1. Specify which of the listed residues (S135, S101) is in contact (Cβ under 8 Å) with a residue 40 or more places away in the chain, of a type in the set (S, T, N, Q) and part of a helix (DSSP H, G or I).
2. Do we have D160 as within 29 Å of F229 (Cβ to Cβ), at pLDDT below 95, under 18 Å from the mean Cα position of the chain (by Cα) and surrounded by fewer than 18 Cβ atoms within 10 Å (Cβ to Cβ) here?
3. Consider L100 carefully, then state whether it is assigned by TED's automatic domain parsing to the domain that holds G54, surrounded by 14 or more Cβ atoms within 10 Å (Cβ to Cβ) and within 17 Å of the chain's Cα centre (by Cα).
4. Determine if the stretch 123-131 includes at least one residue that is under 30 Å from I232 (Cα atoms), out of contact with any Cys (no Cβ under 8 Å at 6 or more places or on another chain) and surrounded by fewer than 20 Cβ atoms within 10 Å (Cβ to Cβ).
5. Quick one: which of D147, D155 is assigned to a helix (DSSP H, G or I), out of contact with any Phe, Trp or Tyr (no Cβ under 7 Å at 6 or more places or on another chain) and not hydroxyl-bearing (S, T, Y)?
6. Would you pick out the residues in the stretch 3-35 that are touching a residue at least 24 places away in the same chain (Cβ under 8 Å), within 17 Å of L141 (Cα to Cα) and assigned to a loop (DSSP other than H, G, I, E, B)?
7. What's the total number of residues in the stretch 197-214 that are surrounded by 20 or more Cβ atoms within 10 Å (Cβ to Cβ) and among the small types (G, A, S)?
8. Looking at the stretch 60-78, I want the residues that are over 16 Å from T159 (Cα atoms) and have a partner that is loosely packed, with under 15 Cβ neighbours inside 10 Å and of a type in the set (V, I, T) with Cβ atoms under 9 Å, at least 6 apart or on another chain. Which pairs are those?
Amino acid sequence: MVIQYPPRQKDLENLVQKLGLSKTAPIDWRLLDLALTHSTISATANYEQLEFVGDAVIRLVVAEFLLESYSKLPVGEFAAVRSMLVSDRTLARIAAGYGLSRYLLVSNSALNDKLGEESRLAESFEAILGALYLSTHNFSLIRSWLDSQLIPLIDEIRTDPALQNYKAALQEWTQAHHKLLPTYRLTESDTSTLPHRFTTEVWLQDQCIGQGNGRSIKAAEQAAAEVAFFAICVPQRDRS
């Protein structure tokens, strides 16, 4: 069913064609319209619920794609790559590539919030995935175009270790299994110019689960998170 406002319907059809889908595809246009409506336009009819669905959809789509196309990767790398792919930064990057901001209904006050642009793009992108999934209750309207977007991003992440965000992967695991966030403690700081002058510990449930060193506090936390991730998140057989 098309929506009531013809110019908006035309815009949505243009976006769908950018995604490589036909305007005759079994799309619920009402849901797609909601997926591109910010809460500053309507407090009730907006993308927030669809974003909730889309958050689960993107995680499953990426997991399925990694398993099919990169089956030899260890589970730890699966989790690290997925964490980067489903981050706001990456999703906003994909959304920007499709010119998504052109189709997003948002108030002028929100548009003036440049710091919130990345979040808006990522959220609306997830909402679009939620709308497309709920249109068919499968991934047929998603994977046909999203797979080609994932391949270069995965290659980029895997060839640049700095992009493998073990802090995000560890946080995702601890939230899922313990409903808790890990905490980081700076235990040593050297004022010299040594490359590993900061030492940080990561703690969970009053237990130190990893320690790392780095040129900066952020790098030390990332190193500690990597140690902890492989220590507690990855089954022993995957580390052999």
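The values are calculated or read from the model by the stated rules, or taken from the named source; none is laboratory data. Here the structure is a predicted model, which means the values were calculated and not measured. Quick reminder, even Gly has a Cβ in these numbers, built from the backbone with ideal geometry, and neighbours come from all protein chains shown.
1. On the way: S101 fails: in contact (Cβ under 8 Å) with a residue 40 or more places away in the chain.
S135 is the lone residue from the list that is in contact (Cβ under 8 Å) with a residue 40 or more places away in the chain, of a type in the set (S, T, N, Q) and part of a helix (DSSP H, G or I).
2. yes
3. Criteria met by L100.
4. Checked the stretch 123-131: no residue is under 30 Å from I232 (Cα atoms), out of contact with any Cys (no Cβ under 8 Å at 6 or more places or on another chain) and surrounded by fewer than 20 Cβ atoms within 10 Å (Cβ to Cβ).
5. Values: D147 fails: out of contact with any Phe, Trp or Tyr (no Cβ under 7 Å at 6 or more places or on another chain).
Going through D147, D155 in turn, just one is assigned to a helix (DSSP H, G or I), out of contact with any Phe, Trp or Tyr (no Cβ under 7 Å at 6 or more places or on another chain) and not hydroxyl-bearing (S, T, Y): D155.
6. Within the stretch 3-35, L19, G20, L21, A25, P26, I27, D28 meet the criteria.
7. Number satisfying all stated conditions: 2.
8. Hits for this filter: F65/I151; S69/I151.
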